[in-house]
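I have placed the structure first, in the form of structure tokens, so that the comments after it can refer back to it.
Just so it is clear, none of the values below were taken in a lab; they were calculated from the coordinates. In this text, all values refer to a predicted model and were calculated from it rather than measured experimentally. Every residue, glycine as well, gets a Cβ built from its backbone with ideal geometry; the counts of neighbours run over all protein chains shown.
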Amino acid sequence: MSVAFKSNSREEDSADWNLIDSSYKSRNQMRFQIPDRVCWIGAAAMCLGLLLLTLTLVAHNTSSVNQWDTKYTSLIYEITKGRDSLRDERDELQSHISNLTQEMETLQDQYTSVAASQDKLQEQINKLRLNRTDKPCRRGWKKFNAKCYFVSPSGITKTWEGSRKDCKERGADLVIIDTREELDFVKKNYDTTWIGLRREANGNTWKWVDGTVLVGDGFWREEEPNNADGDEDCVEFLQSVSAWNDMPCSSRFSWVCED
């Protein structure tokens, strides 16, 4: 009975040890399996985090790219607009230059035509002067530099208009004094007389009887013309001072005609 009891006791101890060993192995297996699972979950979480970070960076970069694309498009638009504006200005300037060139060419043609006409006119004037040099003056007229002069009869005076009318009836007009030589000639031969110079209605321009405007300072007496009476629109030649003086056209003086 005793032997049998020991045998059973050993078997029971062996079974207990097997059970303990199995439990220990099972625990060890579980202990090694748990860290593997934790590592896998951590790796998955890390991958997920990296994925989210990547997506965030991609989204941010996409937004930045879109912003730069918008700025680039706007810049291109402004540059294109500026280029078109400059091109329009260039075309306008070229058109203006073309118009100015045409106008200049037209003016040049006109100038050439006027110059040719002036040369022709001067030639005709020279011929007329040559003819007049050979032409004697009428009786009672005096000759000076190819021109003939007539002085009113002694003691007779007329208004400026009356004097001019007399000259026209003689086929001439009131004298035009445009050189110092002619002024000296009139001074030596004639007394104070009307000459063919009169103020225009606007009060600022003096014109000769042939329609030409007085050029330069003329031969005015000092402080003349002064229009002292407010209606001094006609001009007399003062022999005493060898100069001009403005007087009312209704005044009466002798006169000199020029042919």
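What ranking, highest mean first, results for peptides 244-251, 104-111 when packing means the other Cβ atoms within 10 Å averaged over each residue?
Top of the packing list down: 244-251, 104-111.
Arrange the following residues from fewest to most other Cβ atoms within 10 Å of their Cβ: TRP255, TRP68.
On the way: TRP255 27, TRP68 10.
In order of increasing Cβ crowding within 10 Å: TRP68, TRP255.
For a quick check: sort SER95, SER152 by the number of other beta carbons within 10 angstrom, fewest at the front. Can you show the working numbers first?
Details: SER95 10, SER152 20.
In increasing order of surrounding Cβ atoms, one gets SER95, SER152.
Quick one: length gained pulling LYS71 to ARG252 fully straight, 0.36 nm per residue minus the C-alpha distance? Numbers along the way, then the final one.
On the way: separation 181, 0.36 × 181 = 65.16 nm, distance 9.15 nm.
Result for the pair: 56.0 nm of gain on full extension.
If I model a spin label at GLN102 and TRP40 as a point 7 Å from the Cα along the Cα→Cβ vector, what separation in nanometres do I get?
Once both label points are built, they end up 9.2 nm from each other.
Give the long-range amide H neighbours of ASP173: residues separated by 5 or more places, or on another chain, with amide H under 5 Å away, using H modelled in the peptide plane at 1.01 Å from N.
Amide H to amide H, under 5 Å and 5 or more residues apart or across chains, ASP173 pairs with GLU258.
For TRP206, enumerate residues with amide H under 5 Å from its amide H, sequence gap 5+ or separate chain, H modeled in the peptide plane.
Amide H neighbours of TRP206: GLU200, LEU214.
Given H placed 1.01 Å from N in the peptide plane, which residues other than close sequence neighbours of LEU197 have an amide H under 5 Å from its amide H?
Close amide H contacts, sequence-distant or interchain: VAL235.
I'd like the GluC sites (Glu not before Pro) in the stretch 186-243 restricted to DSSP loop residues with at most 11 other Cβ atoms within 10 Å, sorted by number. Mind showing how you got there, number by number?
On the way: sites: GLU200, GLU222, GLU223, GLU232, GLU236; in loops: GLU200, GLU222, GLU223, GLU232.
For GluC sites (Glu not before Pro) across the stretch 186-243 that sit outside H, G, I, E and B with at most 11 neighbouring Cβ atoms in 10 Å, the list reads GLU200, GLU222, GLU223.
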